[in-house]
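The values are calculated or read from the model by the stated rules, or taken from the named source; none is laboratory data. Model, not experiment: these values are computed from the prediction. When we count neighbours, we look across all protein chains shown, and the Cβ atoms used for this are built from the backbone with ideal geometry, even at glycine.
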Amino acid sequence: MEFFNAQDLLSYLQENLKESIVDSRIETRTAGVKKEEFYNIWLEVTKEKFKDAVKLLMRLQYPHIAIIAGNDTGEKIDLVYLFSLFYGEKFKEISINLKVSLEREKPSIESITDLIPGAQTTEREIKEMFGIDFVGLPDMRNIFLPEDFPKDIFPFRKEQKGLDELVQKES
């Protein structure tokens with residue numbers, strides 16, 4: 001297996017994704033007694049090319065997905081997929097934070113579960129907490145919220161202030 005350093009990996013992604021990249025950078029950090037360096041690549045891509053970016057990572061190595069983080073900025077919803085390449089390889093592992101922005105009204109994106117089945121749990125969580133429609137997600141059941149939870153309330157959205165009104169109505 002060929003290993004890339006962070007700069008070469010970012011260059012590879014930039015060459016292959018070109019105009020679909022919105023923003024990119026490398027963050028370098030140190031850890032441990034020996035202050036070993038590790039790298040985080042931040043790459044924001046357009047929604048239309050997001051799945052192509054995941055496929056590009058897969059050409060290098062099957063990426064390890066840790067989680068999808070969501071953020072409702074009030075104007076859009078940002079999803080950051082936290083991947084690792086060269087996972088488990090001492091001092092070679094590189095974290096890749098792949099960001100995509102979605103419109104707040106009816107946000108949707110293609111599921112990556114056909115490529116990375118392990119993404120199903122975190123996509124389901126984001127679906128129920130932010131109201132994202134993951135097109136092609138094979139299991140749409142809630143993980144944390146009960147099935148009878150109101151379908152138009154998404155707890156992690158900015159406009160949600162809690163369930164006080166709902167609870168008071170039912171009390």
Test of understanding: among L60, L43, L10, which residue is over 30 Å from M129 (Cβ atoms), hydrophobic (A, V, I, L, M, F, W, C), out of contact with any Phe, Trp or Tyr (no Cβ under 8 Å at 6 or more places or on another chain) and buried (at least 16 other Cβ atoms within 10 Å of the Cβ)?
L10
Give the residues of region 87-104 that are at pLDDT 85 or above, part of a loop (DSSP other than H, G, I, E, B) and either farther than 18 Å from R25 by Cα or under 12 Å from the mean Cα position of the chain (by Cα) (or both), sorted by residue number.
R104
What about E37, is it at pLDDT below 95, charged (D, E, K, R) and in contact with a strand residue (DSSP E or B) (Cβ under 6 Å, 6 or more places away or on another chain)?
yes
